[in-house]
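The values are calculated or read from the model by the stated rules, or taken from the named source; none is laboratory data. Here the structure is a predicted model, which means the values were calculated and not measured. Don't worry about glycine lacking a Cβ; one is built from the backbone with ideal geometry, like all the others, and counts go over all protein chains shown. Remember, those area values only see protein heavy atoms, side chains included, never the ligands or the DNA or RNA. Shrake-Rupley method; radii C 1.70, N 1.55, O 1.52, S 1.80 Å.
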Amino acid sequence: MKTVEIKPDIYWVGAIDWAVRDFHGYVTPDGTTYNNYLIMDEQVTLVDTVKSDFSRHTIDNIKYLVDPSKIVNLIINHIEPDHASSIDRIMALAPGATIYITSKGKKGLDRHFDTSRWNFKIVKSGDTLNTGKYNLVFLETPMLHWPDSMMTYVKEAKLLISQDAFGQHIATSARFDDEFIECASNAELEDSVIDYYANILMPFGPLIKSKISEVQKLGLEIDMIAPDHGVIWRRDPAHILQRYLDLANGKANLSVSVIYDTMWHSTERMTIPIMQGIKDEGLDCKVIKLRSTPMSVAIKEFWKSRGCLIGSPTLNNILFPSVAEFLTHLRGLRPKNRIMGAFGSFGWGGGAVKEAYEEFNRMKLEVVEPGVQVLYKPSLEDESNCYEFAKSFAQKVKEYHKNFI
Ligand code: FEO
């Protein structure tokens with residue numbers, strides 16, 4: 001694989017994973033990349049490694065440019081295995097290199113590797129490293145998205161190497177955003193950004209806002225953002241910063257997602273008048289059946305819309321398992337700025353709709369109560385009730401959305 005010079009003497013030396021479809025439970029239909037970067041300065045410096053399955057790829061890429069034993073510095077921005085699990089193989093080739101890492105990162109590495117023979121330099125925000133013509137500045141980003149996380153800013157190149165932040169799970173021959181847009185589309189790139197944000201970064205909105213504000217206050221000039229997954233932002237890096245601020249501030253489409261599951265099609269039949277009621281209020285509506293949809297796709301669709309209606313049959317007096325799983329997963333992502341309602345069918349005792357509202361309250365989300373329920377199978381009257389509930393829900397969504405304009 002040919003390396004790519006992204007800035008003078010700074011090269012992408014990563015790997016493209018065309019085949020991964022399950023990224024620790026997160027569905028990646030388009031694969032991903034593991035990006036790392038080699039600074040060919042007086043002190044040869046490698047920023048991050050790659051997933052161990054691809055260590056051969058990055059080592060070959062490095063060899064294309066330099067003998068790996070010449071690596072003087074290895075910067076580890078993040079210790080999650082998709083970026084750090086090749087460290088031992090790199091260090092075997094460059095045993096004299098010094099690893100630059102946060103203190104939390106070092107503690108994590110000690111749990112994964114025998115680090116006793118490696119040289120470390122623990123860094124904090126504002127610490128610098130001169131590699132020759134380039135000055136690197138470290139910026140800790142704890143909990144974005146792990147405690148160890150940091151970014152590396154290459155001052156003279158105006159380059160921010162941002163580890164997971166601003167990434168996307170796309171395997172592509174394009175290394176840059178403009179190349180990807182040329183060969184695919186802006187809409188595809190935008191969808192990947194939302195998917196990645198919703199599934200990985202949703203819980204960290206407040207931290208994202210404060211970190212971007214910190215970067216802005218530092219007055220760092222940035223004309224390229226190089227994440228550890230997906231394409232590099234060079235066309236308009238300010239755009240992706242603003243996009244993250246928008247997402248962190250709760251920006252969403254004025255639309256409704258209807259996320260449901262069903263046993264004998266009764267809850268499913270309720271989605272038809274519900275969708276119609278939402279549409280008749282002028283809002284777009286997407287209907288997602290959980291057993292037909294990967295979890296991460298349902299999460300993305302939830303996050304895109306201002307409003308969400310959850311549909312569940314009652315099974316053994318509680319939520320249907322796939323709906324309970326979705327809501328549990330969602331609670332862990334700490335969603336904000338969304339308005340919720342619930343509907344469902346039951347045979348005798350009921351309980352699913354009540355439980356759904358309990359979950360919404362646990363998540364401190366806005367709700368429209370009491371939802372709508374049907375016994376066994378929707379009658380014409382039930383369908384009319386579903387339609388009216390959906391209309392009133394859509395009206396509330398429109399009102400609530402005004403808070404974010
Ligand atoms: Fe791409 Fe947090 O690892």
TODO: Assuming R0 = 60 Å, can you tell me the calculated FRET efficiency for the pair residue 376 and residue 42, based on Cβ-Cβ distance, to the nearest 0.05?
DONE: 0.20
Open item on the list: How much of the DSSP bridge set in region 256-399 is antiparallel, in percent, rounded to the nearest 5?
Closed with: 10
Task: 0 to 90° range, to nearest 10: angle between helix 321-332 axis and the chain longest Cα axis - done: 50
Open item on the list: How are the alpha carbon pair distances in the chain distributed across 10 Å bins from zero to the largest one, expressed in percent?
Closed with: 5, 22, 27, 20, 14, 9, 3, 0
- [ ] Step through the residues of region 172-182 one at a time and calculate ³J(HN,Hα) from phi using the Karplus curve (6.51 cos²θ - 1.76 cosθ + 1.60, θ = phi - 60°), rounding each to whole Hz and writing x for Gly and Pro.
- [x] 8, 6, 6, 9, 10, 4, 5, 5, 5, 4, 5
TODO: Please work out the Cα center distance from region 35-103 to region 360-392, rounded to the nearest Å.
DONE: 55
Task: Relative contact order (%) - region 1-156, alpha-carbon pairs under 8 angstrom, separation at least six - done: 17
Task: Fraction of accessible area attributable to carbon and sulfur, region 4-248 (%, probe 1.4 Å) - done: 51
TODO: Would you kindly state how much longer the chain becomes between residue 121 and residue 348 on full extension, computed as 0.36 nm times their sequence separation minus their alpha carbon distance, in nm to one decimal?
DONE: 75.3 nm
Open item on the list: Using amide H atoms built in the peptide plane, which far-off residues or other-chain residues are under 5 Å from residue 224 H to H?
Closed with: 160
Open item on the list: What whole-number volume per residue, in cubic angstrom, does the convex hull of the C-alpha atoms of region 139-215 give?
Closed with: 108
Task: Degrees, to the nearest 10: 186-196 long Cα axis against longest axis of the chain - done: 90
TODO: Output the peptides 141-152, 84-95 sorted from most to least packed, where packing is the average of other Cβ atoms within 10 Å over each peptide's residues.
DONE: 141-152, 84-95
Task: Amide H partners (placed H, <5 Å) of residue 77, local residues excluded - done: 48
TODO: Would you mind computing, in nm to one decimal, how far apart the modelled labels at residue 158 and residue 2 are, each placed 7 Å from Cα along Cα→Cβ?
DONE: 2.6
TODO: Work out the P(r) tail for region 256-399: percent of alpha carbon pairs separated by more than 23 Å, whole number.
DONE: 24
Task: Highest average packing first - 38-51, 120-133, Cβ atoms within 10 Å - done: 38-51, 120-133
- [ ] Report relative contact order for the chain in percent, whole number only (criteria: Cα-Cα under 8 Å, sequence separation at least 6).
- [x] 12
Open item on the list: Limiting things to C-alpha atoms, what are the Rg and the maximum Cα-Cα separation (Dmax) for region 81-125, in angstroms?
Closed with: 10.1, 29
Open item on the list: Filter 104/336; 2/107; 133/211; 7/211; 2/209 down to the pairs with a C-alpha to C-alpha distance above 31 Å, please.
Closed with: 2/107; 2/209
TODO: Determine ³J(HN,Hα), in whole Hz, for all residues of region 197-202 in sequence, where each value follows from phi through the Karplus function 6.51 cos²θ - 1.76 cosθ + 1.60 and θ = phi - 60°; x replaces Gly and Pro.
DONE: 4, 4, 8, 10, 9, 3
- [ ] Return one whole number: the accessible area per residue of the chain in Å², for a 1.4 Å probe.
- [x] 42
- [ ] Kindly work out what percent of the DSSP beta bridges joining two residues of the chain are antiparallel, to the nearest 5.
- [x] 45
Task: Evaluated over region 185-302, the Cα radius of gyration and Dmax, each in Å - done: 18.0, 59
Task: Under-5 Å amide H pairs with residue 176, H placed in peptide plane, nonlocal only - done: 232
Open item on the list: If I take R0 = 56 Å and measure r between the Cβ atoms of residue 284 and residue 63 in this structure, what FRET efficiency does the formula 1/(1 + (r/R0)^6) give, to the nearest 0.05?
Closed with: 0.65
- [ ] State the three equivalent ellipsoid semi-axes of region 1-113, derived from the C-alpha gyration tensor as the square roots of 5 times its eigenvalues, in descending order and whole Å.
- [x] 22, 19, 11
TODO: Report, to the nearest whole %, how much of the accessible area of region 351-405 belongs to carbon and sulfur atoms, 1.4 Å probe, protein only.
DONE: 49
Open item on the list: Give me the net charge for the shell around residue 2: Cβ to Cβ below 11 angstrom, other residues only, Lys and Arg +1, Asp and Glu -1.
Closed with: -1
Open item on the list: I'd like the Karplus ³J(HN,Hα) series for region 91-98: coefficients 6.51, -1.76, 1.60, θ = phi - 60°, whole numbers in Hz, and an x wherever there's a Gly or Pro.
Closed with: 5, 5, 8, 10, x, x, 5, 9
Task: Fully extended contour minus Cα-Cα distance, from residue 18 to residue 292, at 0.36 nm per residue - done: 96.3 nm
